[in-house]
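> Pasting in a structure now, in structure tokens, and then I'll have a few things to ask.
Every read-out reported here was derived from the displayed coordinates using simple, explicitly stated rules and does not represent laboratory data. Just so it is clear, the structure is predicted and the values come from calculations on it, not from any experiment. Here the Cβ positions follow ideal geometry from the backbone for every residue, glycine too, while neighbour counts run over all protein chains shown.
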Amino acid sequence: MTPPFVFSAALSGHQSDTARLWLHHPDGSFTSTVIDNGNGFVNAVAFFEDIDEQHALINAYSITLGGRIGAVKLSSTPRFTLVGHVDNVCALGVFGSEYIASGSWDAYCVATLAGHEAAVWSVLPIDADRVLSASADKRVVLWSIRHATMLATFSGAKHPARALASVGAQTFASSGNDGEIRYHALNKTDSAPNATIPAHTNFVYSLASLPNDGLASSGEDHSVRIWRDTSLEQVLTLPAISVWCVCTMPNGDLACGTSDGVVRVFSRDAARAASDDALRAFKAAVASQTFSPTEVDATTPRGEPAILSHPGREGELVLVQNGSHAALHQWSAANQEWEQIGLVTDTAGAAQKKVLDGKEYDYVFDVDVADDAPPLKLPYNANENAYEAANRFLQANNLPASYLDEIVGFLEKNTKALGLAPPTSADPFTGASNYNMDAAVDPLTSSDGIRSAQPQLRTFPQTQYLAFTQTNMPAARAKIASLQGPDAPLSPLAQRELDVLVDVLAHPSAEAVDVRILTQLLSSWPLPKRFPLLDLLRIAATHKCTVPFSTIAADALVGAAWDSLAQASDTKVAETNAMLALRTLANGFVAPGGPDAVQAMMMETLATIRYAPWRVLNKHGRIAFSVNAVQLRGFGNAGMLLDMTIELLSNEGDSEMVYRTLVALGNLLASPSASSLPRPH
């Protein structure tokens, strides 16, 4: 039996915009060297074996040089730079000393292989002539380098495809935003997968080949998963929500990089296992991490500790209830036991409500502010804004405002605070009685025109989430009907599904909204006719849906062709689609569980919209952009958000828009995440 992977080492020290070369020494220790990468994010690394059998590290990143140019550099002191991409280089692959393959947001693979319609997220060299690419257009393509042509297209992805790995000589695996892994035969004329397995509960970011045709996958669900054929062999749970990448080391160990800035190594060799103290610290970090209720399947069994007396299957989850908290346990087949992998904080049920001054609350905490005084009562409801609750508490007890961040941090730690406030805005795109692109109600100032207005904000941070919610469903339905045609087909079944969706959005209920028909039409209708579909997706984003918000956001960005907006020839279409995509992202904050969903995809959201297509962002689009900037405060990644805000200021000459951007800047600087920003010496 193949031994399981066990925790071996944790490598930390990364900073933004750096690449590091880690060396594994015979005594088990690691040392690192920072590699010069120029300016910008390091999005991909790979090793290339050159003609003298030496290895050079490849860095892929985006820089600004008379316009953004994606570049690939070699070694700590670059020997040369490969220039040709026009946007972020996000994928690298090598084949011996034959060639380097690169993929980019500009939808090109190896610069000369053109055919994808959206960003190329992964490349996988097969042999000296053939290379695979996976794209946000939901396709995996096999190319001939020699002839610069497509040899085959592999289907099956429901959402953007973003990872590839070989599984044996004639089989490869692909995965992406749909959480599935698909196995394809390279020599099969039929493009459908041989097998499809539900692998992760959210995005799958990375795949890695293992010895003896095994496979490792990592994703947006705290885990690396080990597969043998199509069977789950082991789940490695990490103390971070995003496991961005996983790779196999020459000695068979696994390394994975996570959203907490740490690279962790796992080994099947007991001699390379971490020390007992390090293993205990790792298990404690995993057991104490917090899961939001939206991250745990509603069907997960829940009960008293006795539920742990029965064995499970690898990766199976159960919840052990403890008041308003529940401990999440996962079955380990290797250890034959249930292991705690985190805590889930629930909204209190009716029977658990606390009463204070005649009002019901989910929580009432005792807060000690002085040794010689009784504790003060801090009431809180799980669906209210943590800043508002903290302000209310401070004002009621005449406490200084300097306690604000400390109280907010306490609430977020002990309740998984949502920070959610109801929307108070109207939609400047859709008018009251018709489809009117010129209607303009600003969600930041609530003014019924784009003019200078007195700010609503008297102090920072702004604690109320804003949304673009006004719409006219009959007009939307009529506009879609008028646009359908040979190039925009709408079958009778699709028409019925669309009618149901419009009726549900017009008369919302507690039931989840099924938006799959929008996904289908956005992938098949031409760009100039997609705006009413994007507009419906914008409204759906404010509701509980049958798919996670990350899927809705991806559909909006792909449906708007975000990656190619800067090169769009039809400026009017690009302006409208860009604006609606940004409004969809903004509306996600007010959906049930919205802040948690946004937090889960924070890095990807910032990486996607940080380099906005300014050429096609009109005033309405820039308002939507600034609303996202305002609302992303307090979600971490303050450096990226600061860069985005500064770029918005540098591209803005309108005084009203400068004001809105300064609101975003003030909101960021007033948030707890601002503490991570560098300070002048």
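> Ranked from highest to lowest mean number of other Cβ atoms within 10 Å per residue, what is the order of the peptides 142-149, 177-184? Working shown, then result.
Values: 142-149: 14.5, 177-184: 23.6.
Highest mean packing first, the order is 177-184, 142-149.
> Can you sort SER564, SER218 by how many other beta carbons sit within 10 Å, fewest first?
The fewest-first ordering by Cβ neighbours comes to SER564, SER218.
> Please sort 25-31, 302-308 by packing, taking for each peptide the average over its residues of neighbouring beta carbons within 10 angstrom, highest first.
Put in order of decreasing packing, that is 302-308, 25-31.
> Hey, another quick one. Which pairs break 32 Å Cα to Cα here: LYS188/LYS572; LYS138/LYS413; LYS138/LYS544; LYS354/LYS544; LYS188/LYS529; LYS359/LYS413?
In this structure, LYS188/LYS572; LYS138/LYS413; LYS188/LYS529 lie more than 32 Å apart at Cα.
> Could you please rank SER209, SER650, SER267, placing first whichever residue has the fewest other Cβ atoms within 10 Å of its Cβ?
Fewest-to-most ranking of SER209, SER650, SER267: SER650, SER209, SER267.
> DSSP loop (so not H, G, I, E, B), at most 16 other Cβ within 10 Å: list which trypsin sites (Lys or Arg not before Pro) in region 252-298 pass both filters.
Within region 252-298, no trypsin sites (Lys or Arg not before Pro) qualify (loop, at most 16 other Cβ atoms within 10 Å).
> Principal axis extents for region 194-291, Cα atoms only, whole Å, descending order, please.
Extents along the principal axes: 44, 33, 20 Å.
> How large is the convex hull of the Cα atoms of region 290-345 per residue, expressed in Å³ as a whole number?
That works out to 71 Å³ per residue.
> What ranking of LYS377, LYS138 emerges when the number of other C-beta atoms within 10 Å of each C-beta is taken as an exposure proxy, fewest first?
LYS377, LYS138
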